[in-house]
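The structure under discussion appears below in the form of structure tokens.
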Amino acid sequence: MWVIIVFFAVHWYSSLFLQSFFHHRYAAHSMFTMSSWMEKLFYVFSAIFQGSSYLSPYAYGAMHRMHHAYTDTEKDPHSPKFDANLFKMMNRTRNELNDIIRSNTAVEARFLINLPKWQWFDDLANNKIVRIGWILVYIAVYIAFAPSGMWYLYLLIPVHCLMGPVHGAIINWFAHKYGYENFKLENTSKNLVPIDIFMLGESYHNNHHKHSGRANFGHRWFEIDPVYISIKIMHWLRIIRLRTV
């Protein structure tokens, strides 16, 4: 059982870290810079740790910029105001992301400026066979290590398969419906929890909408942002260069 718990926790936090650090703060907001080879390295890390739910940093970055520009309007690619339930919003977000990847929708040029793009790698990581391969890996781990009789552990497999979208849905749905506000804004963004140990700072969504260019999502003394701490360490080690806001 402990192997399964550790496996789930490692997948949860590694996938979440890559999405927050690389897709969100780097691709979408350009909060820091990195060398081209380091950028490709994080592409590879994303493919490994996001696995079957790999998200294109290019498409994610464009879509997230649209979210900030059109928050809570009909042009927002994932506003809970226009969907009856969480799953409809997740499906609409998936369609928006795929349309950007396949160039099936016209994206304003301002949302595409300086986005990271590694087309052939995106095509590989997005390949259906590759995604199915990752799902088979998850199933194999549970078959090998889940104790007999604990059938309910297998209910975690769909979360593994949809890890990236699950993380996005938690913030895009719940952090626009529940929580507290540090700033009164013309949108529904909220801070989901005061101490964010499960979403690595992403739950401070109201703070982020107020200061969208700031790498530290925390604002009050108790709002600790673990990803920002990692960013500061990597800046100190000269792995990345944090921009001055």
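Some points to look at:
- A simple charge model with +1 on the Cβ of Lys and Arg, -1 on the Cβ of Asp and Glu and nothing else charged puts the dipole of the stretch 196-245 at about 340 debye relative to its Cα centre.
- The calculated FRET efficiency for T33 paired with N182, based on their beta-carbon distance and R0 = 30 Å, is about 0.60.
- Calculated SAXS-style log₁₀ I(q)/I(0) at q = 0.10 Å⁻¹ - the chain, Debye, Cα scatterers: -0.48
- The simple Förster model, with R0 at 35 Å and r as the Cβ-Cβ distance, assigns R241 and I48 a FRET efficiency of 0.90.
- Probe 1.4 Å, protein heavy atoms only - accessible area per residue of the stretch 7-106 in square angstrom: 40 Å²
- Ignoring lysines fewer than eight residues from K177 along the same chain, the ones with Cα atoms less than 29 angstrom from its Cα are K75, K81, K88, K190, K210.
- Helix-only CD estimate at 222 nm, as mean residue ellipticity for the chain, using -39500 (n - 2.57) per DSSP H run (n ≥ 4): -14500 deg cm²/dmol
- Net charge contributed by nearby residues that have their C-beta within less than 15 Å of N114 (K/R +1, D/E -1): +4
- Förster radius 41 Å - calculated FRET efficiency between F222 and I135, Cβ distance, rounded to 0.05: 0.60
- For the stretch 1-113, Kirkwood radius (reciprocal of mean inverse C-alpha pair distance, Å): 15.3 Å
- Extension gain for F198-A9 works out to 67.0 nm (0.36 nm per residue, less the C-alpha to C-alpha distance).
- Computed Kirkwood radius, in angstrom, where 1/r is averaged over Cα pairs of the stretch 1-49: 11.7 Å
- Whole-number D in µm²/s for the stretch 122-240 (Stokes-Einstein; Kirkwood sum over Cα pairs; 25 °C, 0.890 mPa s): 145 µm²/s
- In degrees, nearest ten, helix 2-18 long axis to first principal axis of the chain (Cα): 30 degrees
- Those trypsin sites (Lys or Arg not before Pro) in the stretch 95-162 that DSSP places in a loop and that have at most 14 other beta carbons within 10 Å: R102
- Residues of type aspartates and glutamates that K184 reaches as a straight line, Cα spacing below 20 Å, ignoring anything fewer than 8 places off in the same chain: D72, D76, E202, E223
- Full-extension gain in nm, K232 to N85, via 0.36 nm per residue minus C-alpha separation: 49.2 nm
- Computed from Cα positions, the angle between helix 226-236 and the longest principal axis of the chain comes to roughly 70 degrees.
- Shown here: the stretch 183-237, whose C-alpha atoms stretch 38, 22, 17 Å along the first, second and third principal axes, sorted largest to smallest.
- For the stretch 50-93, the normalised intensity computed at q = 0.17, 0.19, 0.21, 0.32 Å⁻¹ comes to -0.51, -0.62, -0.72, -1.08 (log10 of I(q)/I(0), Debye sum over alpha carbons, equal scatterers, no solvent).
- About its Cα centre, the dipole of the stretch 41-104 is roughly 100 debye, where the only charges are +1 on Lys and Arg Cβ and -1 on Asp and Glu Cβ.
- Residue-count net charge about T188 - beta-carbon cut-off 10 Å; Lys, Arg +1, Asp, Glu -1: 0
The values are calculated or read from the model by the stated rules, or taken from the named source; none is laboratory data. The structure presented is a predicted model; accordingly, all values stated were derived computationally and were not measured. For neighbour counting, all protein chains shown are included, and Cβ atoms are generated from backbone atoms with ideal geometry for every residue, glycine included. Only protein heavy atoms, including side chains, enter the accessible area calculation; ligands, DNA and RNA are left aside. Shrake-Rupley method; radii C 1.70, N 1.55, O 1.52, S 1.80 Å.
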